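A quick write-up on the structure given underneath.
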Amino acid sequence: MERIYLTLNKIIEALLVIIFGLLVIDVVWQVLSRYVVGQSSSFTEEFARFSLIWLTVLGAAHINGSREGHLSMDFLLSKLPEEKQVKRKKVIQILMALFALIIMVIGGGNLVYITLSLGQISSALQIPLGFVYAIVPVSGLIIIFFSIYNIKKLNF
């Protein structure tokens, strides 16, 4: 499980770097085409929006897995004895996994299914919106995996 965790973390980090790099290139192209050429590109705003969606949702899954930089208020938790801290951390991980399952995997899966079955296509890029929204259930599955990993790590 450790090997899968490390491999998945590296893949997600690489994807985040690639998406962020594409987002920067896209925004720079938008500015250059607007002010240098005098006419902005039609696809850049939509691509920036979609890549920001992917960057945010996938980044949230990565933060959950790496446990670094995760915003939390642990003042009260740190005052508890070690045994109770571990139990509370397990409860938190279970709640995060349930949230990811219900909201992201089931709800996001329904969103992807509906947008694909309705044939919704983005206006500028002409891609199915279901592909854009597919990152939500995928990230939900990643969060569930990371929550299970974190619970197993707390047992040792």
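Of the helices (runs of 4 or more DSSP H) lying entirely inside the stretch 53-147, those containing at least 1 residues that are under 30 Å from Ser41 (Cα atoms) are 108-118, 129-133. The residues listed here are Tyr113, Tyr133; of these, the one that is buried (at least 18 other Cβ atoms within 10 Å of the Cβ) and modelled with pLDDT of 95 or more is Tyr133. Could you say whether any residue in the stretch 81-104 is loosely packed, with under 11 Cβ neighbours inside 10 Å, at pLDDT 95 or above, closer than 29 Å to Ala48 by Cα and not aromatic (Phe, Trp, Tyr)? No - not one qualifying residue is present in the stretch 81-104. Taken together, the criteria place Leu154 among residues that are assigned to a helix (DSSP H, G or I) and in contact (Cβ under 8 Å) with a residue 24 or more places away in the chain. Among the conditions (1) surrounded by 14 or more Cβ atoms within 10 Å (Cβ to Cβ); (2) closer than 22 Å to Met104 by Cα; (3) modelled with pLDDT of 90 or more, Gly65 misses just one, which is (3). Residues in the stretch 16-42 that are crowded, with 16+ Cβ neighbours inside 10 Å and touching a residue at least 24 places away in the same chain (Cβ under 8 Å): Leu16, Ile19, Leu23, Asp26.
The values are calculated or read from the model by the stated rules, or taken from the named source; none is laboratory data. Since this is a predicted model, take the numbers as computed values, not measurements. As a convention, Cβ positions derive from the backbone with ideal geometry for all residues, glycine included, and neighbour counts pool all protein chains shown.
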